[in-house]
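Everything below concerns the one structure shown next.
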Amino acid sequence: MSDILTGRSIKNGIEIVLFNGEDYYSAPGETIYLEKYLHMFASVKLAVNCDGIGYKEGKDTFSCFSVSDRRQQKIRSLASGYPDLEETEPWYQGDHMLFAMHQVPTIACTSSRAQELLSTIIHTDQDTLELLDISRLLEMADFFSKLAEAEL
């Protein structure tokens, strides 16, 4: 992602956060992050969660939380340039809810086949790199960089 952002005109800072333990009852990564940064959430312009993108079957999806109508239109306009990306109904099982429940504008991205993947592949021996389409991951990274550049 940082390579794709190189040379782009980005007016806001970008923080890439990797959480751990989301599937455990105490969500230790999220808990520590909240303790350290909750006081800064009011200054976050947009949080983006990527969880399950790039699956070689189906499409990648996005849904918005606490995002104004004007900003949603801009996001939809940017997303329209990616044929393998579509808007979907909001889903609430993911790290993005850490931000959304604190009214931070948030976009959640996943696979259109997320429910199937959760019940059959994710966190099993079959969860391998061969299931990913690298070109789709690169397209999503490009979409995220355009979000970062946009005046949202």
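Taking Cα pairs under 8 Å and at least six residues apart, what relative contact order does segment 2-149 come out at, in percent?
34 percent
With unit charges on the beta carbons (Lys and Arg positive, Asp and Glu negative) and the dipole taken about the Cα centre of the chain, which residue among LEU152, LEU129, TRP91 sits farthest to the positive side?
Final value for the positive-end residue is LEU152.
Order the peptides 65-78, 139-152 from the highest to the lowest mean number of other Cβ atoms within 10 Å of their residues.
Ranked from most to least packed, the peptides come out as 139-152, 65-78.
To make sure I understand the rule: partners must be lysines, Cα under 21 Å from the Cα of LYS56, and not fewer than 8 residues away in the same chain. Which ones qualify?
Filter leaves no residues.
Amide H neighbours of VAL48 under 5 Å, counting only residues 5+ apart in sequence or on other chains, H built in-plane at 1.01 Å?
Under 5 Å from the amide H of VAL48: ILE107.
Would you mind working out the magnitude of the charge dipole of the chain relative to its Cα centre, with +1 at each Lys and Arg C-beta and -1 at each Asp and Glu C-beta, to the nearest 20 Debye?
760 debye
Which lysines have a Cα less than 24 Å from the Cα of LYS59, not counting those fewer than 8 places away in the same chain?
Answer for LYS59, where 24 Å is the Cα cut-off: LYS74, LYS146, listed by chain and number.
Here are some values of percent of Cα pairs over 22 Å apart: [x] 39; [y] 59; [z] 42. Which one was computed from this structure?
[z]
Tally Lys and Arg at +1 and Asp and Glu at -1 over the other residues with C-beta under 14 Å from the C-beta of ALA141: what net charge comes out?
-4
For the chain, what is the mean residue ellipticity at 222 nm derived from helices alone (per DSSP H run of n ≥ 4: -39500 (n - 2.57); sum divided by total residues; nearest 500 deg cm²/dmol)?
Calculated at 222 nm, the ellipticity per residue is -10000 deg cm²/dmol.
What is the set of long-range amide H partners of ARG113 at a cut-off below 5 Å, with H atoms built 1.01 Å from backbone N?
Sorted by chain and number, the residues that satisfy this are LYS59.
Every read-out reported here was derived from the displayed coordinates using simple, explicitly stated rules and does not represent laboratory data. Since we're looking at a predicted model, the values are computed, not measured. Cβ: placed from backbone, ideal geometry, glycine included. Neighbour counts: every protein chain shown.
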